[in-house]
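K.L.:
Here's a structure for you.
Nothing in this text is a laboratory measurement; each read-out follows from the coordinates by a stated rule. Predicted, not measured: the structure shown is a model, and the values here were computed from it. In this analysis, Cβ positions are derived from the backbone assuming ideal geometry, glycine residues included, and neighbour counts consider all displayed protein chains.
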Amino acid sequence: MKKIAVLFHDGFEELEALSVVDVMRRAKIECTMVGMDKLEVISSHQIKIAMDRIFDDTIETYDAIVIPGGLPGATNLRDDSRVIKIIQKFN
């Protein structure tokens, strides 16, 4: 079974992040919501979402990562050196 990780930082756009999780889970694809620093991440519209786990080195065991948009969430992800590093490894 394929494993997908969706990365979350504060300020993410709800639709861009959660629709991916919804579709993947309906398709029976393992989809993990990964908070970069904490288990509760706040969206751009101040909605608190509980994560499945916090980012660590085991992220490399996933088959794909999803980086949702929205501001300032996309900027927060872009500015996180861990995200850049994992994107380079997946590339």
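K.L.:
For mean projected area of the Cα convex hull in nm², pick the label among [x] 5.3; [y] 6.0; [z] 7.7 that corresponds to the value derived from the coordinates.
P.N.:
Working out mean projected area of the Cα convex hull in nm² from the coordinates points to [x].
K.L.:
Relative contact order (percent) for the chain, with alpha-carbon contacts under 8 angstrom and 6 or more residues of separation?
P.N.:
Relative contact order of the chain: 38 percent.
K.L.:
Along the positive direction of the dipole of the chain (beta-carbon charges: Lys, Arg +1; Asp, Glu -1; about the Cα centre), which of SER44, PHE8, THR61 reaches farthest?
P.N.:
THR61
K.L.:
Cα gyration tensor of segment 40-88, axes a ≥ b ≥ c as square roots of the eigenvalues: rounded (a/c below 1.5), prolate (a/b > b/c) or oblate?
P.N.:
In terms of gyration-tensor shape, oblate.
K.L.:
Calculated FRET efficiency, ILE42 and ASP22, Cβ-Cβ r, R0 25 Å, to nearest 0.05?
P.N.:
It comes to 0.85.
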